[in-house]
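Before any comments, here is the structure.
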Amino acid sequence: MKAVQFSRFGGPEVLEIVELPAPVPQAGEVLVRVHAAGINFFEVLMRADRYAVTPQLPMFPGVEVAGIVEAVGEGVDAAFLGRRVAAPLFASQRPYGGYAEQVTISADLTVPLPDDVSFEAATALMVQGLTALHLLRQSPPEGRTVLVPAAAGGVGSLLVQLAKAKGAAKVIAAAGGAGKIELALSLGADAAVDYIGSDWPARVRALTGGEGADIIYDTVGGALTALSLQALAPGGELVFAALGRYGLEPSDLEAMIGRNQSLRGFALLPLLSPQVLRASLSELFQLAASDRLRVAIGGRFPLGQAGEAHRLLDERRSTGKVVLVP
């Protein structure tokens, strides 16, 4: 089968197609023919060795796929054959390797995919959908004004919709450029600011009567985090979910204390027992199947163009979910 790897760190050009033996499902596993593989920004960072953890080389990226079960291992019910499934590799013992034509995964970790949910949409609802859902469970938005940075991206586009559905008093989207602003507003944001330029926190405060947002869900990190504090209301909460991109100084934390603000960390994997994982994905799939959650797909690329897909994310030109379609 064909798969994508990188054997050195660098730009998108280090991603290359290789031929590997087709995987064989072991006891308790299924073999999934991949119809869509999701791309995440942390994989872009890994490829450039800019992530919190340096991967071993060669690295076979890809932590989420959706497809059809083509074979089963010992002890797995034959009823799995032909089933449309989501395969959250990130929760498995082999959490990588999704940029490929086939993968194996424990049958117990697969989640049935409704016919009304595309394979591409399923990839968007795994890492990014679960992140959005559990961010809101950790810090509920009901009755509060929330700010969603990167609101046209994979996580942000879902956060905007789910925050509205879960009772946020006002959802303010922050994104870069008119096209991304338009998308965020079309997804239900009450207002939006363009964060190209450093004055955007003042516009957030203007939209909130001078106060700022009660909750900021920061999935971007870096320099944006410190700027976000200028848009956070006294007593507000900054939820930080950008592992490896922490950019606050001790002086920022001292200033937060003086304003009675709180900083809350967010890491997805520790929240996901197998039961929670399956239940959460099923919830997201049902929302999408019933048109209560719109999944924005920002680009589809064949395996051989994985580098171009990464470049799209690297240059922050993407909206919604970017996927590979083997």
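The values are calculated or read from the model by the stated rules, or taken from the named source; none is laboratory data. The structure presented is a predicted model; accordingly, all values stated were derived computationally and were not measured. Neighbour counts run over all protein chains shown; Cβ positions are idealised from the backbone, glycine included. Areas reflect the complete protein model, heavy atoms only, side chains present, ligands, DNA and RNA absent. Shrake-Rupley method; radii C 1.70, N 1.55, O 1.52, S 1.80 Å.
A few notes on this one:
- Output for the stretch 98-122, where each listed residue is in a strand (DSSP E or B) and surrounded by fewer than 20 Cβ atoms within 10 Å (Cβ to Cβ): P112
- Of all residues in the stretch 233-268 being open to solvent by less than 20 Å² (accessible area, probe 1.4 Å) and under 23 Å from the mean Cα position of the chain (by Cα), the one that is farthest from L109 (Cα to Cα): L248
- Looking only at residues in the stretch 269-310 that are part of a helix (DSSP H, G or I) and open to solvent by 70 Å² or more (accessible area, probe 1.4 Å), the one that is nearest to E101 (Cα to Cα) is Q305.
- Among the residues of the stretch 49-97, the ones that are assigned to a loop (DSSP other than H, G, I, E, B) and open to solvent by less than 30 Å² (accessible area, probe 1.4 Å) come to 10 in all.
- Which listed residue is in contact (Cβ under 8 Å) with a residue 24 or more places away in the chain, closer than 18 Å to V323 by Cα and assigned by the TED database to the domain that holds E16, from V103, V53, V72, V76: V103
- Of all residues in the stretch 216-268, exactly one satisfies the criterion of being modelled with pLDDT of 95 or more, among the basic types (K, R) and in a loop (DSSP other than H, G, I, E, B), namely R259.
- Per-region count, the stretch 1-20, residues crowded, with 16+ Cβ neighbours inside 10 Å, under 12 Å from L303 (Cα atoms) and not aliphatic (A, V, I, L, M): 1
- Residue selected from the stretch 123-149 under the condition touching an Asp or Glu at 6+ places or on another chain (Cβ under 8 Å) and under 27 Å from R84 (Cβ atoms), by the criterion most open to solvent (accessible area, probe 1.4 Å): V127
- Selection of the stretch 21-34 for residues being part of a loop (DSSP other than H, G, I, E, B) and open to solvent by 70 Å² or more (accessible area, probe 1.4 Å) yields P21, V24, Q26, A27.
- Answer from S139, S157, S186 - the residue that is within 16 Å of the chain's Cα centre (by Cα) and outside the structural domain of V65 (by the TED database): S157
- Taking first residues from the stretch 302-325 that are in the same structural domain as G98 (by the TED database) and partners that are assigned to a helix (DSSP H, G or I) and of a type in the set (F, W, Y), the Cβ contacts under 6 Å between residues at least 6 apart in sequence or on separate chains come to L313/F41.
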